[in-house]
Amino acid sequence: MRNFFLTLWRIISAPFRFIFWIFKRIFIWIKNVFSDIGNLFTAEPEDKSITDTVGLALDEPKEFWWALIEHLDALRKHLFRALVFIILITAASAFFIRDLLDWIAEPVGGIDSLQAIEVTEPLGVVMRVALLTGFALSLPYITFELYLFIAPGLKARARVLGLFAIPIGFLFFIGGMAFAYYVMMPTALPFLLNFMDIPTAVRPASYIKFVTGLMFWIGIAFEFPLVIFAMAGMGIVRAQQLAQQWRFAIVIIAVLSAAITPTIDPVNMGLVMGPMILLYFLSIGLAYIAQGRRERELE
């Protein structure tokens, strides 16, 4: 009889114990994040050259592999937290999915103007928008988790700069998506929908894939100045090299613009090329700043 009541109690209390376990894991997650943030400003990295690291791997391979496993385990924890955050944000965005779809379809008259011809097409569109929204909104936290992983190997000044770079990078990404939506699409869509005066029935799958892909890649392209700034700060590239290779860079930008641009006309291609060229020259200026700061630190 005792086992019966114990089993009954476990069944009744199972939902409550599950909810308690979820809140417990969230609390531990938040505690670990704040603990990692605290370590950013207290722990100092071990200053080892590449020669010392190679020597350690040859002389004491067991310790080297144990250290490598510890780093991989730390990376696994950071990636797991980022994945959980993406899942939560994606689930939250599902509650506003109709408003998001209506906003994305506003340039063609709203969601009511889309015509699905397959049974699973609306479901696929909802999943795509929810996943991309969750990823886009989670991008600062994903970057922050990767930053927490590499921060122990950075100097204190580089850690502070990294913290400032995360929100700035997100603003650049949002700026690129806004440019694609408010500048490129009003120019590209009339050309595509009225080409040769052929009536076009806008399908949800093709239209949403076209719009979200365009916004995502333009947002990624707007991150280019920060990438150059980081690479110049690490000594990988120099501002003088970027300035000397500006002609070659414009050719590459033209090729990328042709790949990103949804139409083949030069107007829309120019709309992509113009900001990317400006971003390239902005990258040269940022590279000068990062390069000068690095040279002063080395001196």
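The values are calculated or read from the model by the stated rules, or taken from the named source; none is laboratory data. Keep in mind the model is a prediction, meaning the values are calculated, not measured. Cβ atoms come from the backbone with ideal geometry, glycine included; neighbour counts cover every protein chain shown.
The residues on offer are Leu132, Leu163, Leu189, Leu146, and the sole one that is in a helix (DSSP H, G or I) and over 22 Å from the mean Cα position of the chain (by Cα) is Leu189.
Taking the criterion of being buried (at least 18 other Cβ atoms within 10 Å of the Cβ) and within 30 Å of Val129 (Cβ to Cβ), the residues of segment 227-261 that qualify are Ile253, Ser257, Ile260, Thr261.
This table checks each residue for (1) at pLDDT below 70; (2) farther than 21 Å from Tyr141 by Cβ; (3) touching a Pro at 6+ places or on another chain (Cβ under 9 Å); (4) surrounded by 11 or more Cβ atoms within 10 Å (Cβ to Cβ).
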{"residue": "Arg2", "(1), (2), (3), (4)": "yes, yes, no, no"}
{"residue": "Phe23", "(1), (2), (3), (4)": "no, no, no, no"}
{"residue": "Asp52", "(1), (2), (3), (4)": "yes, yes, no, yes"}
{"residue": "Trp65", "(1), (2), (3), (4)": "yes, yes, no, yes"}
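Test Arg159 against the criterion of being modelled with pLDDT of 85 or more, surrounded by 14 or more Cβ atoms within 10 Å (Cβ to Cβ) and among the basic types (Lys, Arg), and give yes or no. No, not satisfied. Scanning segment 112-130 for residues that are surrounded by 14 or more Cβ atoms within 10 Å (Cβ to Cβ) and free of Cβ contacts under 8 Å to residues at least 40 places away in the same chain yields Val126, Met127.
What about Arg98, is it modelled with pLDDT of 85 or more, assigned by TED's automatic domain parsing to the domain that holds Phe210 and under 18 Å from the mean Cα position of the chain (by Cα)? Taking the combined requirement at face value, the residue does not satisfy it. For segment 147-169, the condition of being without any contact (Cβ under 8 Å) to a residue 12 or more places away in the chain and aromatic (Phe, Trp, Tyr) holds for at least one residue.
Against the numbered list (1) modelled with pLDDT under 80; (2) assigned by TED's automatic domain parsing to the domain that holds Pro167, Pro204 comes up short only at (1).
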